[in-house]
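The values are calculated or read from the model by the stated rules, or taken from the named source; none is laboratory data. The structure presented is a predicted model; accordingly, all values stated were derived computationally and were not measured. Neighbour counts run over all protein chains shown; Cβ positions are idealised from the backbone, glycine included.
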Amino acid sequence: MYQVNYHRASSVAEAAKLAKSGDAQFLSGGMTLIPAMKARLAAPSDLVDLAHIAELKGIKVSGKTVTIGAATTHFEVANDEKLKKVAPAVAHLAGLIGDPAVRHRGTIGGSISNNDPAADYPAALLALGATIATNKREIAADKFFKGLFETALKDGEIVTSITFTAPAKAAYEKFRNPASRYAMTGVFVAKGKDGVRVAVTGAGDDGVFRSKEIETALTKKFDASALDGLQLSPADLMSDMHASAEYRAHLIVVMAKRAVSAANA
Amino acid sequence: MSEVSLVVNGRRVGGTVEDRTLLVHFLREHVGLTGTHVGCDTSQCGACVVHVDGKAVKSCTMLAAQASGSTVVTIEGLADGAELHPVQAAFKEHHGLQCGFCTPGMIMTATDMIRRHPEGLDEATVREELEGNICRCTGYHNIVKAILAASKTMARSKGKAASKAKKAA
């Protein structure tokens, strides 16, 4: 790791101020950023640690409205009793990220700001039509995820919380890469106030995306059988050493079927 | 440079370190606790697992500066004097180690796992919870056996302590 200057912020306002020093980057759980810095794939001059900011932590459930603070860890999301009641699919998803030690540190805000094309949370937020609050504005999930490791966040902008309406039915199914545990294909299916929304992670050439074909089929009939015989085009899907685009196109339908069945169970 | 101050195994330790110093290097090189190992150095193998504020974390993927102000427990902090911690004793009893390199991380992960599952553990849960710890010798069978045994022993001694306290009251 190259030399870096560490700063610990105690408020969002202080973090925004500290971020103006040099080529600074925000640090939350650090489960991606620190390995990237160790491999010298990232070399910020300064790190602004957000993990100790109290206002960024915690989960609030009021009726069907769920708000998760950006610095809430995957472990906290996976084990929150109120969240498990209204949106069990989101808690389940958080429990599938990495391993227990990673879940103790990694945060939802960090994950979505990084927008890894194989990360789990982007699929949930997109399918749930979540709203991402920052220290400057509110951004709809549809506008937030821009591509591989790209988001709508501007320099110095900090994700503060994520809000969504708990869906009537939802589930996430993930085909894990056996080594990294990242999604080789993950599908989040939600049936809520905006109808059926289906988001796919780990498969798109340009990061997380909604599958209109699956949404159309499931809108007609919210059942795995609605996807029988559906074939997706491998164009715009990722091909790498783990799986070809054709294989991923197949996996999306398989994961979507499993997710619908789980959501209906 | 950062001034860091932590409580490690009940002892306050501190010093001035480069901001890029990883917690594992701070523990090994500054505090002299070499029980915590660096295996893969890419947060996959879990040889570096320690408890920070009561939670198992990979100390190769955390800066010492991030941990400043925290309470840390390493493998050296588990035993009570000459008496092994029940998880350590179970690893010995059930031959849960061969070369021993992964063992400190395995044991720190196991104690965290047992604490988070007061209802008890089954084999499938233990195997799933060990996802972030790699062992290249044992094939895991005896590690799983040891953790299941330790979980039972600890539940029993907790039950005994509780009934003792009840009687005393």
Residue match in region A:58-66 (condition: touching a helix residue (DSSP H, G or I) at 6+ places or on another chain (Cβ under 7 Å), buried (at least 19 other Cβ atoms within 10 Å of the Cβ), within 11 Å of another protein chain (Cβ to nearest Cβ) and without any contact (Cβ under 8 Å) to a residue 60 or more places away in the chain): no
Enumeration of residues in region A:31-53 that are small (G, A, S) and either assigned to a helix (DSSP H, G or I) or on the phi > 0 side of the Ramachandran plot (or both): A:A36
Candidate set from region A:112-155 (those that are of a type in the set (G, A, S) and free of Cβ contacts under 8 Å to residues at least 40 places away in the same chain); member that is surrounded by the fewest Cβ atoms within 10 Å (Cβ to Cβ): A:A140
Qualifying residue in region A:186-195 (condition: in contact with a Ser or Thr (Cβ under 6 Å, 6 or more places away or on another chain), buried (at least 21 other Cβ atoms within 10 Å of the Cβ) and in a strand (DSSP E or B)): yes
Subset of region B:17-38 (residues that are within 15 Å of the chain's Cα centre (by Cα) and part of a loop (DSSP other than H, G, I, E, B)): B:L33, B:T34, B:G35, B:T36, B:H37, B:V38
Total residues in region B:110-137, condition of a type in the set (G, A, S), closer than 18 Å to B:P86 by Cα and in contact (Cβ under 8 Å) with a residue 40 or more places away in the chain: 1
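This table checks each residue for (1) under 23 Å from A:G129 (Cα atoms); (2) in contact with a strand residue (DSSP E or B) (Cβ under 7 Å, 6 or more places away or on another chain); (3) among the acidic types (D, E); (4) not assigned by TED's automatic domain parsing to the domain that holds A:P117.
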{"site": "A:T185", "(1), (2), (3), (4)": "yes, yes, no, yes"}
{"site": "A:G204", "(1), (2), (3), (4)": "yes, yes, no, yes"}
{"site": "A:S211", "(1), (2), (3), (4)": "yes, yes, no, yes"}
{"site": "A:K221", "(1), (2), (3), (4)": "yes, no, no, yes"}
{"site": "A:A245", "(1), (2), (3), (4)": "no, yes, no, yes"}
{"site": "A:R248", "(1), (2), (3), (4)": "no, yes, no, yes"}
Residue check for A:A179: among the small types (G, A, S) and part of a loop (DSSP other than H, G, I, E, B): yes
Given (1) at pLDDT below 95; (2) within 20 Å of B:R136 (Cα to Cα), number of the condition B:G81 does not satisfy: (2)
Region B:56-75: number of residues that are within 13 Å of chain A (Cβ to nearest Cβ) and surrounded by fewer than 18 Cβ atoms within 10 Å (Cβ to Cβ): 1
Evaluation of B:C102 against (1) surrounded by fewer than 22 Cβ atoms within 10 Å (Cβ to Cβ); (2) within 14 Å of another protein chain (Cβ to nearest Cβ) (one fails), failing number: (1)
Residue in region B:40-54 that is over 21 Å from A:L33 (Cα atoms), away from chain A (no Cβ under 11 Å) and either among the acidic types (D, E) or part of a strand (DSSP E or B) (or both) present: no
Those residues of region A:1-30 which are over 21 Å from B:V17 (Cα atoms), outside any helix (DSSP H, G or I) and either at the interface with another protein chain (Cβ under 7 Å from one of its Cβ atoms) or acidic (D, E) (or both), in sequence order: A:D23
Pairs with Cβ under 6 Å, 6+ apart, first in region B:35-48 and farther than 7 Å from B:C60 by Cβ, second among the charged types (D, E, K, R): B:G35/B:E76
Given (1) touching a strand residue (DSSP E or B) at 6+ places or on another chain (Cβ under 9 Å); (2) more than 12 Å from every other protein chain (Cβ to nearest Cβ), number of the condition A:F75 does not satisfy: (2)
Only listed residue being modelled with pLDDT of 95 or more and within 14 Å of another protein chain (Cβ to nearest Cβ), chosen from A:P122, A:P167, A:P100: A:P100
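Residue-by-condition table, conditions (1) in a helix (DSSP H, G or I); (2) closer than 22 Å to A:M31 by Cβ; (3) at pLDDT 95 or above:
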| position | (1), (2), (3) |
| --- | --- |
| B:K92 | yes, no, yes |
| B:D112 | yes, yes, yes |
| B:E119 | no, no, no |
| B:V126 | yes, no, yes |
| B:K152 | yes, no, yes |
| B:K164 | yes, no, no |
Region B:22-49: number of residues that are surrounded by fewer than 24 Cβ atoms within 10 Å (Cβ to Cβ) and of a type in the set (S, T, Y): 2
Checklist (1) touching a Phe, Trp or Tyr at 6+ places or on another chain (Cβ under 8 Å); (2) at the interface with chain B (Cβ under 10 Å from one of its Cβ atoms); (3) closer than 17 Å to A:D120 by Cα applied to A:M37, failing item: (3)
Test for A:P35: is it without any contact (Cβ under 8 Å) to a residue 24 or more places away in the chain and either crowded, with 18+ Cβ neighbours inside 10 Å or aromatic (F, W, Y) (or both): yes
